[in-house]
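Below is one structure, written out as structure tokens; comments come after it.
Please treat every number below as a calculation from the coordinates, not as lab data. Predicted model, so just to flag it, every value in this text is computed and none were measured. As a convention, Cβ positions derive from the backbone with ideal geometry for all residues, glycine included, and neighbour counts pool all protein chains shown.
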Amino acid sequence: MAMKQRMRILIGYDGSSCAEAALDDLARAGLPSEVEALVLSVTEVSLPPPPPSSQEILEQAREVHVPADIKRVYAKGSPAIQEAQSLSERAAARLRANFPGWEITAEASVGSPAWELVKKADGWKPALIVVGSHGLSALGRLVLGSVSQRVLTEARCSVRVARGRLEEPDTPLRIVVGVDGSGGSEAALREVASRLWPLKSEVRVIAVNDPLTPTLIGQLIPPVAKTVEESNQADREALKKVLAKSTELLRPSGLTISTEIREGNPKRLLVEAAEGWGADCIFVGSVGFSNRFERFVLGSVSAAVAARAHCSVEVTRRRKLYGGNNHERHSEYSRN
């Protein structure tokens, strides 16, 4: 019998209130009871350590292969990296108390937080990266970006942008899944179906139809207007089939399922639907742009929803892990 594989989760932690909220959010993410988690705290600025001894100089010289390594080597003993390690260990201790079945380690690193998380993920190959959101304004996101948005854009695995939420007693956990019939949205559905949700949890599957609108001239020409309406009607019928398939995929999860079709811009409507319903999290699939230029020019529904939503957002990517795709491997994760 094949050995069950623990789900790997990489958690970015900086000690902020947003990072604390991200830790709290994990309790409502439906994750397995047995997980291999790594908490990573990153410091960008390191104060110089005390002058090294001659022996330490020789040992450090052996580690340095290129000039760029010098700062990293000397940063290992700095107060800043020690503080980062202390932060990650504090978060790890908190997670151990909340998830006694998890195997948790703590690490610290020096560099840009977003790039260090992405680099760690490339080597460690987690199924999911968890980051908090500092909730920058729209202008701030445009000019400065944020760690969560950069990780979301660059990571090759799924990413959960976790936000805290005021919980009312006896309120069921509510999940929104945005679907469009693509492989990405199917991966998001399978991810939700694979999780272990509390009793009475609810999922609402939303398909957004962005209908064609004929130009003024087109409206005056009956054949054009008719063609546009027929195309829109065909799209609506296709989305009904997508919702029916979504229901079948989610049925084994035990969640209370509802579906709806909305018309308009999915980047706005998914966020509005989640906020109006009081959702805990939005699950969306990721469009796999081939390069950074395409991501910059075109953006994506998943990135826009993650930036604008007031609840947590999990962006699911189909990726090979441990010899198989994410959704193919969940049955092998330990779920006891």
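Give the calculated FRET efficiency between Ser33 and Asp210 to the nearest 0.05, with a Förster radius of 51 Å applied to their Cβ-Cβ distance.
Working: r = 40 Å, r/R0 = 0.79.
Rounded to the nearest 0.05, the efficiency is 0.80.
How far apart, in nm, are two points set 7 Å out from the Cα along the Cα-to-Cβ line at Arg90 and at Ala244?
5.5 nm
Among the listed pairs Lys119/Lys245; Lys241/Lys267; Lys200/Lys240; Lys119/Lys240; Lys240/Lys267; Lys119/Lys200, give every one whose C-alpha distance is greater than 30 Å.
Values: Lys119/Lys245 36 Å; Lys241/Lys267 22 Å; Lys200/Lys240 25 Å; Lys119/Lys240 40 Å; Lys240/Lys267 20 Å; Lys119/Lys200 38 Å.
From the list (Lys119/Lys245; Lys241/Lys267; Lys200/Lys240; Lys119/Lys240; Lys240/Lys267; Lys119/Lys200), the Cα-Cα distance tops 30 Å for Lys119/Lys245; Lys119/Lys240; Lys119/Lys200.
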